[in-house]
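Structure, as structure tokens:
Values quoted throughout were computed directly from the atomic coordinates according to the rules given, and no laboratory measurement underlies them. The structure presented is a predicted model; accordingly, all values stated were derived computationally and were not measured. Quick reminder, even Gly has a Cβ in these numbers, built from the backbone with ideal geometry, and neighbours come from all protein chains shown.
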Amino acid sequence: MYVLAYEVPYEGQSVLGVYGSADAALAAVQRYTERDPRSPFYTDLVIRQFELDADAQLEGGTVVWTYVAE
């Protein structure tokens with residue numbers, strides 16, 4: 001399972017979507033960033049990978065992607 005989230009250390013995390021593959025999560029990132037790729041919102045996007053039987057702690061998981069401005 002892959003979770004696309006908006007994460008800010010002092011504000012916490014907001015889940016934007018849950019996906020079955022990294023490719024599907026990255027496609028969602030493209031939809032979020034196509035309007036204004038310079039928006040500061042996008043710099044706080046991450047994709048985390050979780051095992052399906054893992055304890056549901058959203059701060060857990062492995063970060064497999066973070067937004068990098070071009």
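Points worth noting:
- Between ASP23 and THR62, the simple spin-label model (points 7 angstrom out along Cα→Cβ) gives 2.0 nm.
- Full extension of the chain between VAL8 and GLN30 yields a length gain of 5.9 nm, computed as 0.36 nm times the residue separation minus the alpha carbon distance.
- For region 22-34, backbone phi angles converted through the Karplus equation (6.51, -1.76, 1.60; θ = phi - 60°) give residue-by-residue couplings of 5, 4, 5, 5, 5, 5, 5, 4, 4, 5, 5, 9, 6 Hz, Gly and Pro being listed as x.
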